[in-house]
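Visitor: This is the structure I want to talk about, given as C-alpha cells.
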Amino acid sequence: MAGPAGRKSSASDDGRRVLALEREAVGLVDLMPDLLMEADRIAATVAHGIHGRRRAGPGETFWQFRQYQSGEGAHLIDWRRSAGSDTLFVREREWEAAHTVYLWPNLSPSMRFKSHLSKVSKQQRALVLTLAATEILVRGGERVALLGLTQPSANRRATQKLAHTIVAEGADALEKSLPASDKLARFSSVILISDFLDPIEEVREAIETLGAAGANGHLIQVLDPAEETLPYAGRTEFLSPDGSERWVADRVEGLRERYVDRFLAHRAAIQEIAHRIGWSFLVHHTDRSASEPLLALVAHLSGSGAALRWKGTDVGDPGK
C-alpha cells in the first residue's frame, strides 16, 4: 500500500507544482509590460546621471588627438593634424572591446514578500533592476546574458528578449534562490540580484563557485524594509514563503533586538565573502528609488573593466 500511496502523493505534488508555475508565469506576463516601461525610464534617468568611462584603445571611432611621445612609432603620427603646428599629434581611437555581463535575478517564493512599508515586492524590484541594468549595459555597448539561460548579446532589443526569456522559462529556471554554477567567460562580470537570505554556507558555495571562474561579481541584496527592522507588535503570525509552515509569536517586539542582531550578522558574513574574492556588495530597500543601486552598479562595473561608453554628461541627481 505504501508504494501506490507514495506514487499518488508524488503525482499530486507534481500537479500542484505545475499549477503554481503556471500561475507564476501568468503573473509575470501580466507584470512585464509595466516593468519594461519602468526599467526603460530608470535606465534613461541613470544614463543622464553618469559620466562615460571612455578610454583609448582598439576601435574605429575617433576619440581625441594627443601629443606624440618620444619613442613611439612614426606610423602613429597624424601628419595632417600635425602639419600646421610645431607639435606632432597622434590620433587616438576609442576603446570598443565589448564586455560580457551575466545577470541573474532571484524569483523564488521569498522574493514575493511585500510589507506595508513598500509599494512593490522584492521580486518586482529585482526584475526592474535586471531589465534596467540590461538596457544600460546594451546602450553602453556591452554584451548581456541571463545567467544559465541565454547567450551574450549586444542587440539593441536585448532587454525585450531577456524579458521574454524570463516569462517563457524563468518561472522554473529562476525559482531557485541561488544560481547554479555555470561556465562564464573569463574577465566577464556577473550581477546577482537576490535577498540572499539562504543559509550562509549555501550562499558562500554559490558565490565562490562563480568566483572561481575568474569573473568579477556584483551582489545586490534586495530587501523589504520590514525584513530588516521587524516593525510588528503583539501577537503576530509568520508564514513560510510557500505558505506551508506557520509560526506565531505572542509578543514579537520582544524578539526584535535578537532578530536584528542575527540579520545584520548574516549580512556581514555575505559582505565578507564578497569582499574576500574581490566582489562588490550593496543593499537596496524596496521603498527606495531603483536608480540608486543602478548608479552604484555602473560605478563598480566601470571600475572592473566594463567600458560603458556613454557620450552624455551629468545633468543632475538621477534619484530625483
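Visitor: Kindly write out, for region 72-77 in residue order, the coupling ³J(HN,Hα) from the Karplus curve 6.51 cos²θ - 1.76 cosθ + 1.60 (θ = phi - 60°), rounded to whole Hz, with x marking Gly and Pro.
Guide: Going residue by residue, I get 6, x, 5, 5, 7, 6 Hz, with x marking Gly and Pro.
Visitor: Still on this structure: Rounded, prolate or oblate, given the Cα gyration tensor of region 132-283, with a/c below 1.5 counting as rounded?
Guide: Numbers: a/c = 2.41, a/b = 1.77, b/c = 1.36.
Prolate is the answer for region 132-283, as a/c is 1.5 or above and a/b outweighs b/c.
Visitor: Just to check I understand the Karplus step: with θ = phi - 60° and J = 6.51 cos²θ - 1.76 cosθ + 1.60, what whole-Hz values come out for region 278-293, glycine and proline as x?
Guide: x, 9, 8, 8, 9, 10, 10, 9, 5, 8, 9, 5, 5, 6, 4, x
Visitor: While we're here: In whole Hz, with x marking every Gly and Pro, tabulate ³J(HN,Hα) for region 113-122 from phi via Karplus 6.51 cos²θ - 1.76 cosθ + 1.60, θ = phi - 60°.
Guide: Listing the rounded values in order: 5, 8, 9, 6, 8, 9, 8, 10, 7, 5 Hz.
Visitor: Output the peptides 124-132, 157-165 sorted from most to least packed, where packing is the average of other Cβ atoms within 10 Å over each peptide's residues.
Guide: Going from most to least packed, we get 124-132, 157-165.
Visitor: Take each of the peptides 134-146, 288-300, 215-227, average the number of other beta-carbon atoms within 10 Å over its residues, and list them starting from the highest.
Guide: The most tightly packed comes first, giving 134-146, 215-227, 288-300.
Visitor: List every residue whose amide H lies under 5 Å from the amide H of L146, counting only residues 5 or more places away in sequence or on a different chain, with H placed 1.01 Å from N in the peptide plane.
Guide: Counting only residues 5 or more places away or on other chains, the set is L103.
A short reminder: the numbers here are calculations on the coordinates, not readings from a lab. What you see is a predicted model, and the numbers here were worked out from it, not measured in a lab. In this analysis, Cβ positions are derived from the backbone assuming ideal geometry, glycine residues included, and neighbour counts consider all displayed protein chains.
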